[in-house]
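The values are calculated or read from the model by the stated rules, or taken from the named source; none is laboratory data. Owing to the predicted nature of the structure, the values given are computational and were not obtained by experimental measurement. Backbone-built Cβ (ideal geometry, glycine too); neighbour counts: all protein chains shown. These accessible areas exclude ligands, DNA and RNA; they are computed on the full protein's heavy atoms, side chains included. Shrake-Rupley method; radii C 1.70, N 1.55, O 1.52, S 1.80 Å.
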Amino acid sequence: MPLSGVERYGHGGDRWTAGEMFARSADTFIDFSANINPLGPPDAVMRVLREALEDKGAPVLTRYPDPRARNLKRALAKRYGLSEECLMIGNGGAELIDLVNAAVRPSRVGVMTPSFAEYEASARKRGQETVYLPTEEREGFQPEPEALFKWVRTVDLAYLGHPNNPTGLTIPYRQLLAVAEEAAIAGTVLVIDEAFLDFVPDGQAHSLLSRLMDFPTTVLLRSMTKFYALPGLRLGWGVASPDWIRRIEAHQVSWSINGLAQLAGEAALTDQFFEKATHRWLSVERDFLMDGLQKLSGVRPIPGEVNYFLLKLDSSVLEGSAGVSRRLQKALGERGILIRDCSTYPGLDDTYVRVAVRSRKENALLLQKLEEVLEKGEVF
């Protein structure tokens, strides 16, 4: 549906639209609407980019990038113990989501709700039927197993977020195994989007990566945008059988991944200290923000597993009140803080918003401004 708010282009992180709406410079917002690592890019990434740009003649800018991103594929293969033939690189996860659709050419696309908007957007622009798999808060936003299996059998292409966006919840590993097996039997292409899995300290234990060749119709997608704080460069990667990799890459435009992004990806994979620092930051700041949110009247955080929280705005306080998520976004936007209005997600209403976990100073400011807005009755 057409959007008219901050999310008019379907995503968080749009400081420019927010600036137009709230009459302030785009650079003055503290952005809790996009789930990006606040530590910024790893030191190794910044170092290699500086060296590349300072190199005489800046060949990284004046020469075409490798159209197959071979060095980055090689680095990923080494890091995760994979064959390069099973890897593809994309201009962010969004491109990979769309490329899979282009390769599969489905008639019916399965989307679990609520989940990332790009799955449905990719289907909608091609006129494909979307088949929803609804999940409910009272069931922990987890799909009922039989409904999940029936759903995957009735579509040609199915997307599952793991961890899911906006709930931050993972799907139990045994259930992932079972649905991947069911998809293989049915001939359904199952895309498991692991864009935020790097934020889970034992994330690899939750992934089908080591078992993927057992499931020939399953595709795994990863993002380097969120964890390594590279949204301006756009970088993602995927894993599938060599046959599906060839079919998917056949739809990719030439030079999709620019030279700076390729260098940044290679460097990021070498920085083990950054991963440990990120997990230390998140373990402390998640607890701090969760504790503060739980103390606020009218706000209830859904306990996910990654670097953001889905917040339920108390319906008992909201009786007879509509559009509260948009009003809360507006009240905070006027104070220089961006949050994600989740009423735009199929399966959620206007009593849900999403906030990222950021630095201690920023998290404390969010809690302060939330409390201020709630106490003044600007929303409820």
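Okay, here's what the table says:
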quantity	calculated
Full-stretch length increase - Arg124, Arg247 - with 0.36 nm per residue and alpha-carbon distance subtracted	42.1 nm
Carbon + sulfur, % of accessible area of the chain - ligands and nucleic acids excluded, 1.4 Å	51 percent
DSSP bridge orientation in the chain - percent antiparallel, rounded to nearest 5	50 percent
Filter on Lys295/Lys361; Lys73/Lys226; Lys73/Lys276; Lys125/Lys369 - keep pairs with C-alpha separation over 27 Å	Lys125/Lys369
Largest-first ordering by accessible area, 1.4 Å probe, given options Ser25, Ser210	Ser210, Ser25
Equivalent ellipsoid, segment 1-114 (semi-axes from 5 times Cα gyration tensor eigenvalues, Å)	31, 26, 14
Relative contact order [Cα under 8 Å, 6+ residues apart], segment 237-319, whole percent	13 percent
Distribution of pairwise C-alpha distances over the chain, 10 Å bins, in %	5, 23, 32, 26, 11, 2, 0
Approximate shape of segment 165-313 as ellipsoid semi-axes (Cα gyration tensor, √5λ), whole Å, largest first	30, 22, 14
Estimated dipole of the chain in Debye, rounded to 20 [Cβ of Lys and Arg +1, of Asp and Glu -1, Cα centre]	720 debye
Rounded FRET efficiency, nearest 0.05, which uses the C-beta distance separating Trp16 from Arg174 and R0 of 56 Å	0.80
Extension gain, Ser297 back to Lys276 (0.36 nm per residue minus Cα-Cα distance, nm)	4.1 nm
Spin-label model distance (nm) - Glu146 vs Thr62, 7 Å beyond Cα toward Cβ	6.8 nm
Pair Ala102, Arg74: separation of 7 Å Cα→Cβ label points (nm)	2.7 nm
Relative contact order of the chain, pairs being alpha-carbon contacts under 8 Å that are 6 or more residues apart, as %	23 percent
Per-selection Kirkwood Rh - segment 329-380 (Cα, Å, 1 d.p.)	11.8 Å
Surface/4 of the Cα convex hull for segment 9-51, nm²	4.2 nm²
Segment 80-166 - percent relative contact order, Cα under 8 Å, separation 6 or more	34 percent
Unit charges on C-beta of K, R, D, E only; dipole of segment 118-168, Debye	240 debye
Heavy-atom accessible area order for Trp237, Trp244, largest first, 1.4 Å probe	Trp244, Trp237
Probe 1.4 Å - accessible area at Val284, Å² to nearest ten	80 Å²
Of Ile30, Ala44, Met213, farthest towards positive along the dipole that unit charges on Lys, Arg, Asp, Glu beta carbons give the chain	Ala44
FRET E, pair Asp27, Ile185, Förster distance 41 Å, beta-carbon r, rounded to 0.05	0.20
Globularity index of segment 270-352, i.e. its alpha-carbon radius of gyration over 2.2 N^0.38 Å	1.30
Distance-filtered residues of segment 343-380 - backbone nitrogen under 16 Å, label point 7 angstrom along Glu334 Cα→Cβ	369-380
Hypothetical label at Ser283: residues of segment 197-211 whose amide nitrogen lies under 11 Å (7 Å Cα-Cβ projection)	201-202
